[in-house]
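Since every read-out is calculated from the coordinates, none of them should be taken as a lab result. A quick note: this is a predicted structure, and the numbers were derived from the prediction, not measured. Quick reminder, even Gly has a Cβ in these numbers, built from the backbone with ideal geometry, and neighbours come from all protein chains shown.
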Amino acid sequence: MAKIVDARGLPCPQPVIMTRNALQECAAVTTQVAHEPSQQHVARMAARSGCTVQAEKLDDGIYLHIAREGTPLEHTVPQPVGAAGEGPLVLTIPDESMGRGEPELGQILVRGFFHTLGEIEPLPGTIIFFNSGVRLVVEGSPVLEDLLSLCDKGIEILACGTCLDYFGLKERIAVGEVSNMYTIAETLLRAGRVVSL
Amino acid sequence: MTQDGFSVILVLATSHAVRAEKVLAQVDVPCKLIPVPRHLSSNCGVCVRVRRPDRKAAVQALNAAQIEMEGVHDA
């Protein structure tokens, strides 16, 4: 019998936390969420925790049927310091321009950087945009074309939802996914290598 | 991104590249500032990439705006 978690209408990251807690106690959990962003966040957390996820869209919300295989989830980050190294390469973009100093020059450099990224190796597994870096993933971004092309190559693009919200850009995201600090922190801690622009 | 079907215009300084971009926008020639490709060399690290069919119009517009070009190459 699956444990039911009703997270409809709850703000991010509550649905993720409630689902995670339920999975500590129960091997099968059904989480109800109201919107697709919550669905994505919960599903991603579950998948990364080794669970299977099936989504069902009903009139009263989205039902995520989550089944855990094997042992219970661990409560905290289990990786000891220094155990990383085999995870994906993660690139963080904390600013809309590259380097400090002249903003116009920084814009030229960041445009050049993302153009070049499409032509070299190794490619990062994930690119995380936060703070004013999120301006690069919205409509009108000078690097949108390059990011869409990187996305097509299978690179995961995450944009900090808090940051998009702060700048009033949440509705204008044009590439990647709106993410939260749980996913961002987990992605960073599970990375083999993190490169910050 | 593939560079097939593009021309790159080398200029003398980064500020010229920025100005070139503005000039080309005024004449509706789509362009992109990109790092100078490895097989080319330039005084400036940034160049202007245009679609090859727009090459002639771009060069004319930059000449008219008195932006000195170091070279134009089909990429």
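For the stretch A:3-68, how big is Rg over Rh, using alpha carbon atoms and the Kirkwood form of Rh?
Working: Rg = 10.1 Å, Rh = 11.2 Å.
Ratio of gyration radius to Kirkwood radius: 0.91.
With a cut-off of 16 Å, note down the residues of the stretch A:1-34 whose backbone N falls inside the zone around a label point 7 Å from the Cα of A:Leu58 toward its beta carbon.
So the set is A:1-9, A:29-34.
Give me the Kirkwood hydrodynamic radius of the stretch A:141-196, using the inverse of the mean 1/r over all pairs of distinct Cα atoms, in Å to one decimal. Spell out each step's value before the answer.
Values: mean 1/r = 0.0809 Å⁻¹.
About 12.4 Å for the stretch A:141-196.
According to a simple spin-label model (label point 7 Å from Cα along Cα-to-Cβ), what is the distance in nm between B:Ala13 and A:Arg193?
Once both label points are built, they end up 3.7 nm from each other.
Within 10 Å of each candidate Cβ there may be at most 11 other Cβ atoms; applying that plus a DSSP loop requirement, which trypsin sites (Lys or Arg not before Pro) in the stretch A:119-197 survive? Walk me through the numbers before you get to the answer.
Values: sites: A:Arg135, A:Lys153, A:Lys170, A:Arg172, A:Arg190, A:Arg193; in loops: A:Lys153, A:Arg190.
Counting only loop positions with at most 11 other Cβ atoms within 10 Å, the trypsin sites (Lys or Arg not before Pro) in the stretch A:119-197 are A:Lys153.
Taking all pairs of distinct Cα atoms, average 1/r, flip it, and tell me the Kirkwood hydrodynamic radius of chain A in Å to one decimal place.
Values: mean 1/r = 0.0555 Å⁻¹.
For chain A, inverting the mean 1/r across all distinct Cα pairs yields 18.0 Å.
Using all alpha carbons of the stretch A:89-196, what is the percent of pairwise distances in each 5 Å bin, ordered from the shortest bin to the longest?
Cα pair-distance distribution for the stretch A:89-196, in percent: 2, 13, 24, 26, 21, 11, 2.
Any idea what the dipole of chain A comes to, in debye rounded to 20, about its Cα centre with Lys/Arg Cβ at +1 and Asp/Glu Cβ at -1?
Values: 15 positive and 24 negative charges, 92 e Å.
Around 440 debye, computed over chain A.
So how strong a dipole does the stretch A:89-196 carry about its Cα centre when Lys and Arg Cβ are +1 and Asp and Glu Cβ are -1, to the nearest 20 debye? It would help to have the intermediate numbers written out before the result.
Numbers: 8 positive and 15 negative charges, 54 e Å.
For the stretch A:89-196, the charge dipole is close to 260 debye.
In the stretch A:3-68, with Lys and Arg counted as +1 and Asp and Glu as -1 at Cβ, which of these residues, A:Ala43, A:Thr30, A:Pro11, has the Cα nearest the positive end of the dipole, that is, farthest along it?
So the residue furthest toward the plus end is A:Ala43.
Report, in deg cm²/dmol and to the nearest 500, the calculated mean residue ellipticity at 222 nm for chain A, where each DSSP H run with n ≥ 4 adds -39500 (n - 2.57) and the sum is divided by the residue count. Write down the numbers at each step before the final one.
On the way: 6 runs with 64 residues, N = 197.
-9500 deg cm²/dmol, from helical runs alone.
Return the single residue from A:Glu139, A:Glu186, A:Glu119 with maximal mean-square fluctuation; model: Gaussian network over chain A, springs between Cα atoms under 10 Å.
A:Glu119
Over every pair of different alpha-carbon atoms in the stretch B:6-74, take the mean of 1/r and invert it; report that Kirkwood radius in Å. Don't skip to the end; give the middle numbers.
Working: mean 1/r = 0.0877 Å⁻¹.
This gives a value of 11.4 Å.
Taking a 21 Å limit on the Cα-Cα distance, which of the listed pairs A:Lys153/B:Lys56; A:Lys3/A:Lys57; A:Lys153/B:Lys22 fall beyond it? Before the final figure, lay out each step's value.
Details: A:Lys153/B:Lys56 33 Å; A:Lys3/A:Lys57 18 Å; A:Lys153/B:Lys22 31 Å.
Flagged as over cut-off: A:Lys153/B:Lys56; A:Lys153/B:Lys22.
For A:Val138, which sequence-distant residues (separation of 5 or more, or a different chain) have an amide H within less than 5 Å of its own amide H, given hydrogens modelled in the peptide plane?
Result for A:Val138 returns A:Ala174.
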